Amino acid sequence: MIDLRSDTVTKPGESMREAAANAAVGDDVYGEDPTVNELERRAAEATGMADALYVPTGTMGNQIAARTHTDRGEEVLVERESHVYKWEVGGLAQLSSLQVRTIDGGDRGVPTPEQIRDGFVEEDLHRPGTGLLTLENTHNSKGGIAIDPETIDAAAEAAHGLDVPVHLDGARLFNAAVALDVPASRIVESVDSVMFCLSKGLGAPVGSMLAGSEEFIERARRNRKLFGGGMRQAGIVAAPGIEALESVDRLADDHENARRLAEGLDALDGLSVQPPETNIVLVETSDAEMTAEEFCGACETEDVLGSEFGETVARFCTHRNVDGEDIEETIARVEAALA
Ligand SMILES: *Cc1c(COP(=O)(O)O)cnc(C)c1O
């Protein structure tokens, strides 16, 4: 089986398992787990933020960020196709009593400064006030597109001009950094907080990081406890995260594999595929007169797994457990699936 459903399916290799087995640990709720402390120090360094916090999942990291930046009842400006809005079980409302205002970020999923100013609500007797803007990079629903630092800067500047803080959902921040050939710290330079996942392309079994100012992380740490994310001897699961952070450069292989996969699939009759910017390949199946569900079903009978992403859009995601040979094999099997 070639599993391209997501980069979350990656399994830790021998060295990550050894790191977990040998990790020095302590009670992290007391701040005494040396492995977690080291991971947090490195995550802060990699993002250029003052401090960072280890969290069990990316979803929890985003939700803690929203809770920490806002007051109950405020509005959050979110992009219409963003993960924090579409795929987190309505957490902004459920966990933090926030109201969302959606913005259509267009092809690249980034609201323009003008849209941000238009969406802003000033607090008064009748209106809740805007408490946060969230952005996403790479943008998952738009096909893993890598948003350049200047575009992030422009959105953040517009929000800051209205006294609104900015959180970046950077689940795949390092894919963006590698694709754009800029340091991750440059991409997040103008935002107030960022979450990134260790458990996707970076290959760790568990965990994400939330980074921001010291004061922000101190309050986020309290909200992590509130949301049930205060873990004890978490060094066991954090240790592979340190290796994950050291292996950022290998994401370039995933991008190259995605580029080759897209090219191979686009050449097949009935499929249309845009060149990917990172490790996500969106396949349009309508010319094959197939829904995404039918297409994914046909691929599965050929032992290739993808995921349904829209009515006629399927997603393949490259990752560290598939190599160039698997990609050539995938193209051949998808061709067979279409026949
Ligand atoms: C995967 C993902 C998340 C959430 O991460 P989990 O660890 O699965 O909770 C958040 N945002 C984006 C853009 C993602 O792709």
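Here, each number is a calculation from the coordinates, and none is a lab measurement. As the structure is a computational prediction, the values presented were derived from the model and not from experiment. Cβ sites come from the backbone with ideal geometry, for glycine too, and all protein chains shown count toward neighbours.
What the Cα convex hull of the chain gives, in volume per residue, is 126 Å³. Taking N as the residue count of region 1-147, its C-alpha radius of gyration divided by 2.2 N^0.38 Å amounts to 1.27.
How high is the relative contact order of the chain? Use alpha-carbon pairs under 8 Å, at least six apart in sequence, and give a whole percent. Please report the intermediate quantities before stating the final value.
Numbers: 765 pairs, mean separation 79.7, N = 339.
Computed over the chain, the figure is 24 percent.
Kirkwood Rh over Cα pairs of region 284-324 into Stokes-Einstein at 25 °C, 0.890 mPa s: D in µm²/s? Each step should come with its number before you reach the end.
On the way: Rh = 10.6 Å.
After rounding, the answer is 231 µm²/s.
Using only Cα atoms, locate the centre of region 31-74 and the centre of region 278-339, then give the distance between them in Å, rounded to an integer. So the separation of the two Cα centres works out to 35 Å. Among 17-29, 51-63, 261-273, 163-175, the peptide with the highest mean count of other Cβ atoms within 10 Å heads the list, and the full ranking is 163-175, 51-63, 261-273, 17-29.
Over region 247-339, calculate the relative contact order: mean separation of alpha carbon pairs under 8 Å at least 6 apart, over the residue count, as a percent. Walk me through the numbers on the way to the answer.
Details: 157 pairs, mean separation 26.3, N = 93.
Reported as a whole number, the value is 28 percent.
Overall shape: oblate for region 161-244, with the ratio a/c of the largest to smallest alpha carbon gyration tensor axis at 1.5 or above and b/c at least equal to a/b. Give the percent of DSSP beta bridges with both residues in region 70-190 that are antiparallel, rounded to the nearest 5. About 10 percent, rounded to the nearest 5.
Derived scalar couplings between HN and Hα for region 190-206 equal 9, 9, 8, 8, 9, 10, 9, 9, 7, 9, 9, x, 6, x, 6, x, 8 Hz in order, rounded to whole Hz, by the Karplus curve 6.51 cos²θ - 1.76 cosθ + 1.60 (θ = phi - 60°), x for Gly and Pro. Three principal axis extents of region 132-195 based on alpha-carbon atoms, in descending order, are 31, 22, 17 Å.
For region 199-330, what does the equivalent ellipsoid look like in terms of its semi-axes, each the square root of 5 times an eigenvalue of the Cα gyration tensor, given largest first in whole Å?
Details: eigenvalues 264, 60, 37 Å².
In descending order, the three semi-axes are 36, 17, 14 Å.
Legend: P(r) of region 43-111 from all alpha carbon pair distances, 10 Å bins from 0, whole percents, reading 20, 44, 33, 3. Annotation: amide H of residue 132 within the under-5 Å range of 77, sequence separation 5 or more or interchain, hydrogens built in the peptide plane.
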